[in-house]
Amino acid sequence: AQIEHVPGFKVQAVDSNGAGDAHAGVFIAGLANGLKPVEAARRANAAAALAVTRWGPATSPGTAEVDALVTK
C-alpha cells in the first residue's frame, strides 16, 4: 500500500463541532462517486476546513463550496 500525505487547508477556525462528520461524509461520498482515495481525502479536508469556519454542528458545506476551495 502506498502512503500519501494529503495536506489540509488553512482557515480561521471558530468551532470544530461537526468537522469530523463533514470530513467522513465527503470522503465516503467521493469514494462512492469513483474518486481515487487521495482525491476524496483532499475534498474531505476542504469540507472539514470549511465546516470549522462556522458555528454549530450542522455545518457541512455544499459541493460548490468544496469545489471552490479545492480549485484555489
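The values are calculated or read from the model by the stated rules, or taken from the named source; none is laboratory data. This one's a predicted model, so the numbers in the text were calculated from it and none came from an experiment. Cβ coordinates were reconstructed from backbone atoms using ideal geometry, including for glycine residues, and neighbour counts include every protein chain displayed.
Scanning for something surrounded by 12 or more Cβ atoms within 10 Å (Cβ to Cβ), closer than 14 Å to THR63 by Cβ and either at pLDDT 95 or above or within 9 Å of the chain's Cα centre (by Cα) (or both), does the range 1-20 turn up at least one residue?
no
Restricting the search to the range 28-70, which residues are among the basic types (Lys, Arg) and surrounded by fewer than 12 Cβ atoms within 10 Å (Cβ to Cβ)?
LYS36
Among the listed residues ALA49, ALA24, ALA68, identify the single one that is assigned to a helix (DSSP H, G or I), within 9 Å of the chain's Cα centre (by Cα) and free of Cβ contacts under 8 Å to residues at least 24 places away in the same chain.
ALA24
Kindly indicate whether ALA58 is small (Gly, Ala, Ser) and under 11 Å from the mean Cα position of the chain (by Cα).
No; evaluated as a whole, the condition is false for this residue.
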